[in-house]
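Working notes, structure below.
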Amino acid sequence: MKISFYPLLAICFVALLWSCGSNNDVPVAKEPQMLKLTAPIILNTDSTVIELSDYLRFPNQIDSLNVDPSLSATISPDSIQMVIRPIDRDFPKISVLKLWSKGFSYSLVLEKTTKLHFRFTFDPKNKRYKRVQIKGQMNDWNPSEGYMYEKDGKWHIDFHLFPGRYQYKMMTDGKEMCDHNNPDSVYNNAGGYNSLLTVGNLNSSGLPNLYTKENNGRKVLIGLKNKADSVFVLWQNHLLDHKFWNKDTSGISIEIPKKSKDFDRSFIRVWAYNNAGISNEILIPVRDGKVLTDASKLNRSDKEAMVMYFLMVDRFKDGNPENDHPVKDSEIDPKVNYMGGDIAGITKEIEEGYFTNLGINTLWISPITQNPLGGYAEFPAPHRKFSGYHGYWPITLTTVDNRFGTSDEMHKMVSEAHGKGINVILDFVSHHVHQEYPVLKAHPDWITAVDLPGKRKNIRLFDEYRLTTWFDIFLPTFDLTKPEVAQMVSDSAIFWIKEYKLDGFRHDAAKHVPESFWRMLTMKLNQQVVVPDGRELYQIGETFGSRELTGSYINPGMLDAQFEFNLYWDARAAFAMDNTSFRDLNYSLQQSFSYFGEHNLMGNITGNQDMPRVISYASGALSFTEDASDAGWKRDIEVKDTIGYRKLASLMAFNMTIPGIPVIYYGDEFGMPGAGDPDNRRMMKFDNLNRNQQFLKSITAKLARLRNQNLALTYGDFTTLKVTDKIYVYLRSYFDKAVIVVFNKEKSARKFEFNIPDRFSKDTFTAQFGTKFNLENGKISLTLEANSFEIFTN
C-alpha cells in the first residue's frame, strides 16, 4: 500500500531520477535522511508504532512511502510517529518500507514478529494461596508484572513471548520457590536453581543460511544453504532491485553500486526467508567501491573492529602525585578511598605503548566529573562510608575532578590516544547527581520523589520503580521527563564530546533513563557533532535485564549498543564452572543473534566494576553461592588454583572471536583477582607479574592481534560446527578467509574431530597456539589440552 503526501511530484521526480541515472547506480542525497545502518524493525501482529526520529533526520520531509500490500502505514499529522498495521495477518516474514524524501528513496527492513501467545498455568496442588505471581526472564524478574488470576483451582497468566527458554521462579503469598509442576530447571549461577520454561519451536535447521562465498572486488557471490523464498539486498539503507543482483543455483550474485566509490566506507547487507523463518544477516564492508579485504585498511572509525579496554581512572595509574587528595576520614576504608590514579597516568601508558602492545584501539574511561570532597554512608546496611573515587557521584556535570587532573591534561590524553589510533569513550552519568550538586538548590523539583506510601524509600527499587528510583539516599534521580532537565543534562553531555573531541559515551544505568532522553541526546549529537564534523560516535549503554528490554534502547535514534550481560553470565558459567554445558552457551549466543543481529555492536565483557573478577570464580577462590561483595571485605581473595588462568584465557578467546565488541576490564588481561565491589577495583598492576600472569597477558595480546588482522573476526559469518557439553567448535568466515575456534572444558585432555565446510576442506590451516592436528577429507582431528582452546586460520 502506498501513501503519498505529494504523489505526483514525488513519483514523477523519482521516475525521472531513476530513468536518467546510469545503470547499476543508486541516487544518494547530499544531505541524507539516514545517518546509520538501520536494523530490521519488528512488526507486531496487531499494530506497531515507529518513532520516525529514530530513523530519519527530517521526518516532516517524507514525500511518500510504500509498504507491502498486506500492510498499511499511517503517519501522524505532526510527523512524529508512523503506525503500521497488518491488513492480512499472514503478512511476509520480511518486507521493506520504502520512503521518498525530496526525490530520494530510503528503505527500512520490516521483520514479522515471532512472538507467540502463551498461557502459563500454575497448579497449587490443593494448597490455598491469596496471591500467586511469576517472576523471570519473561517479565524482567519483576513480580509486579507477574500477578496471576485464579480459575477452576489453578492460577493463570498470559504472555506474548519470543520462542526460547525462560528461567523463572514462583511467588506464592510472597514466598519465592521453584515451580513444583515443572521438572525442568537450570543452575542460576548463584548457588541455586530456577525453573525453566520452553516456548515455541527452537529448531533452526530449516532456516536459510547465508555465507560470503566469492568476490572480485566489484561483484560478490553469497552462498545459500536451504532454500530462500525471498531475498533482500541493501546497499546502505537503499533496497537494491534485480538490476544489481540475481539468485541461481550458485547463490546470490551482487554487483556493488557505482555510487559506493564516493564513500570511504559503505555496506552491503543481505537477508532471506522461507517457510521455516528468517536467515542470518550478511554484512560486507565496501571501501571506495570495492569489497574490503585488507584488515590494514580498517581504522578507529570502524566500530565493528573496536577492541575496548575499560579502566577506572583512580585505580589505573598515578601519573601526577601532586593531585593525590584522598578523603581524610577514618571511617572510610582505604579500599574505598582515592588511590591516586589520574588522567596523566593514562596518558603515560598511551605514550609508552601499553594499549597498542595489547591490541587495544578503544579506551572506555570511568566518569571524570567533579565528585564530592567528603565521604558518604550508603543507605543499606551495614551503612559503610565511601568516597566518590569511582566518579559516579557528580556534583558538577562539565568540570574535571581536581583529583583526576585538569582540562589541559584531558585534552592531551585524548590527543595522544588519537595519535596512536585509539578512540576514547567517556563514562557519563545522566541518571542522577550527588546531593551537593548546586543546581538542585534552585531547582528542587528537577528530581524524582524518594518517599513512597507506607514510609518506604524509593531507593534501589530497580524493577518496581525503574525510571524514578534513587541509587542511594544522597543520589537524587533526575526527572528527565521534564524538558528543561533533559535539555540541561544532554547539553552537559555534548560539552564533553565537543570540547575534548571524544569518540562516544558509555551511558550509566541506561534502562533507568526514559527513552525520550536518549532520543534528545542522540539528535543533538547528530546535529552538533556527527553531521557538521563528519565523524562517527559510539554510544553504548548499561542495562541489566532481558534481551528484549536491552534491545528496546538500540536503534539509530538512541544507542548503538549495550553490554550483553546475559551472554556474559552464560559465558562466565561455561568457562569458570565445571558442571555447566557448552550447549547452553551456544544457545545463549544464538539468542543474542536473534535479538541483536549477527553483526551487532554489543559489548562482550570479561567483567566490570560491579561484578566479581572472573578469575576468582574460575580458580575457586570465590564461590558462586556466597555474597561476593561481603567476601571481599572479610578475606583476601587471590588466585587459588592456576587453572583459573586457563579458564579466563578461554573466556578471553571467546569474546575476541564472536560478533560484537570485546571489552577487557582493566587487569583481566593478566588475571587480576578480586571479589565483588569494591575488591574488584584494586590498583592496577604493571610490574612484577608472575609467570602465569605473563602467560595470560601474552595470550590476550595475541588474541587481540588476531582479531585486528583478520576480517573474518570482524565481519565474518558465524557457524556452529560442533557443540557438546564439553566441546565447542565454531567457524567465522569472510569469503576465502576462515577462522575456526575450538574449546575443551574437560578437566583432562580430549581427543575429538569435527567436519569443516567443503569450501575450506582443501585449504592449509595453521594452529595459532601450537596444537597438533590432522586435516583429512574435510575433517580436523586433534587432542586439546584440559580447559583450553585453539584457533585455526587458513
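So is residue 491 among the acidic types (Asp, Glu) and either over 27 Å from residue 337 (Cβ atoms) or in contact with a Ser or Thr (Cβ under 8 Å, 6 or more places away or on another chain) (or both) or not?
For residue 491, the condition - among the acidic types (Asp, Glu) and either over 27 Å from residue 337 (Cβ atoms) or in contact with a Ser or Thr (Cβ under 8 Å, 6 or more places away or on another chain) (or both) - is met.
Do any residues in the stretch 160-172 that are over 10 Å from residue 196 (Cα atoms) and β-branched (Val, Ile, Thr) have Cβ atoms under 7 Å from those of residues that are assigned to a strand (DSSP E or B) and open to solvent by less than 40 Å² (accessible area, probe 1.4 Å), where the two are at least six apart or on different chains, and which pairs are they?
Taking only residues 6 or more apart or on different chains, the pairs are 172/132.
What pairs can you find where one residue is in the stretch 379-401 and hydroxyl-bearing (Ser, Thr, Tyr), the other is surrounded by fewer than 22 Cβ atoms within 10 Å (Cβ to Cβ) and not in a loop (DSSP other than H, G, I, E, B), and their Cβ atoms are less than 6 Å apart, with a gap of 6+ or different chains?
387/332; 398/492; 398/495
Every residue, every condition in (1) within 26 Å of the chain's Cα centre (by Cα); (2) small (Gly, Ala, Ser), yes or no:
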| site | (1), (2) |
| --- | --- |
| 695 | no, no |
| 708 | yes, no |
| 712 | yes, yes |
| 747 | no, no |
| 751 | no, no |
| 764 | no, no |
| 789 | yes, no |
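Quick check on residue 634: is it open to solvent by less than 30 Å² (accessible area, probe 1.4 Å), basic (Lys, Arg) and more than 20 Å from residue 562 (Cα to Cα)?
Considered against the rule, which asks whether it is open to solvent by less than 30 Å² (accessible area, probe 1.4 Å), basic (Lys, Arg) and more than 20 Å from residue 562 (Cα to Cα), residue 634 comes out as no.
Consider residue 344 against the criteria (1) of a type in the set (Gly, Ala, Ser); (2) in contact (Cβ under 8 Å) with a residue 60 or more places away in the chain; (3) open to solvent by 10 Å² or more (accessible area, probe 1.4 Å); (4) not in a helix (DSSP H, G or I): it satisfies all of them except one. Which criterion is unmet?
Only one criterion in (1) of a type in the set (Gly, Ala, Ser); (2) in contact (Cβ under 8 Å) with a residue 60 or more places away in the chain; (3) open to solvent by 10 Å² or more (accessible area, probe 1.4 Å); (4) not in a helix (DSSP H, G or I) is unmet by residue 344, namely (4).
Please go through the stretch 532-585 and pick out each residue that is open to solvent by 20 Å² or more (accessible area, probe 1.4 Å), free of Cβ contacts under 8 Å to residues at least 40 places away in the same chain and under 19 Å from the mean Cα position of the chain (by Cα).
552, 566, 570
For the stretch 203-214, does any single residue satisfy the condition of being out of contact with any Asp or Glu (no Cβ under 7 Å at 6 or more places or on another chain), closer than 30 Å to residue 257 by Cβ and part of a loop (DSSP other than H, G, I, E, B)?
Yes, that holds for at least one residue.
Just to be sure I understand, how many residues within the stretch 507-531 are within 23 Å of residue 309 (Cβ to Cβ) and open to solvent by 10 Å² or more (accessible area, probe 1.4 Å)?
Within the stretch 507-531, residues that are within 23 Å of residue 309 (Cβ to Cβ) and open to solvent by 10 Å² or more (accessible area, probe 1.4 Å) number 1.
Within the stretch 410-466, how many residues are over 21 Å from residue 480 (Cα atoms) and in a strand (DSSP E or B)?
The qualifying residues number 3.
Enumerate the pairs (first residue in the stretch 39-64 and touching a residue at least 60 places away in the same chain (Cβ under 8 Å) and within 23 Å of residue 561 (Cα to Cα); second residue anywhere and open to solvent by 50 Å² or more (accessible area, probe 1.4 Å) and of a type in the set (Asp, Glu)) with beta-carbon separation below 9 Å, excluding pairs fewer than 6 apart on the same chain, so at least 6 apart or on different chains.
Close Cβ pairs (under 9 Å, with a partner that is open to solvent by 50 Å² or more (accessible area, probe 1.4 Å) and of a type in the set (Asp, Glu)) amount to 51/515; 57/31.
Within the stretch 229-282, count every residue that is in a loop (DSSP other than H, G, I, E, B), small (Gly, Ala, Ser) and crowded, with 19+ Cβ neighbours inside 10 Å.
1
Filter the strands (runs of 3 or more DSSP E) completely within the stretch 1-63 down to those with at least 1 residues that are within 27 Å of residue 559 (Cβ to Cβ), at pLDDT 95 or above and open to solvent by less than 80 Å² (accessible area, probe 1.4 Å).
Per the criteria, 41-43, 48-51.
Exactly one condition in (1) at positive phi; (2) modelled with pLDDT under 95 is not met by residue 264; state its number.
The single condition residue 264 does not satisfy is (1).
What pairs can you find where one residue is in the stretch 116-139 and open to solvent by 30 Å² or more (accessible area, probe 1.4 Å), the other is of a type in the set (Lys, Arg) and not in a loop (DSSP other than H, G, I, E, B), and their Cβ atoms are less than 8 Å apart, with a gap of 6+ or different chains?
121/154; 123/154; 135/169
Restricting to the stretch 467-477, count the residues that are part of a loop (DSSP other than H, G, I, E, B), open to solvent by less than 20 Å² (accessible area, probe 1.4 Å) and among the β-branched types (Val, Ile, Thr).
Total satisfying the criteria: 1.
Scan the stretch 188-202 residue by residue and report those that are surrounded by fewer than 17 Cβ atoms within 10 Å (Cβ to Cβ) and part of a strand (DSSP E or B).
193, 198
Residue-by-condition table, conditions (1) at pLDDT below 95; (2) in contact with an Asp or Glu (Cβ under 9 Å, 6 or more places away or on another chain); (3) not in a loop (DSSP other than H, G, I, E, B):
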site	(1), (2), (3)
83	no, no, yes
92	no, yes, no
99	no, yes, yes
108	no, no, yes
111	no, no, yes
118	no, yes, yes
141	yes, yes, no
156	no, yes, yes
159	no, no, yes
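Can you tell me which residue within the stretch 161-180, out of those that are part of a loop (DSSP other than H, G, I, E, B) and more than 24 Å from residue 588 (Cβ to Cβ), is most open to solvent (accessible area, probe 1.4 Å)?
The qualifying residue most open to solvent (accessible area, probe 1.4 Å) is 180.
The values are calculated or read from the model by the stated rules, or taken from the named source; none is laboratory data. Remember, predicted model here, so these are calculated numbers, not experimental data. Cβ atoms come from the backbone with ideal geometry, glycine included; neighbour counts cover every protein chain shown. All accessible areas refer to the heavy atoms of the entire protein, side chains included, with ligands and DNA or RNA removed. Shrake-Rupley method; radii C 1.70, N 1.55, O 1.52, S 1.80 Å.
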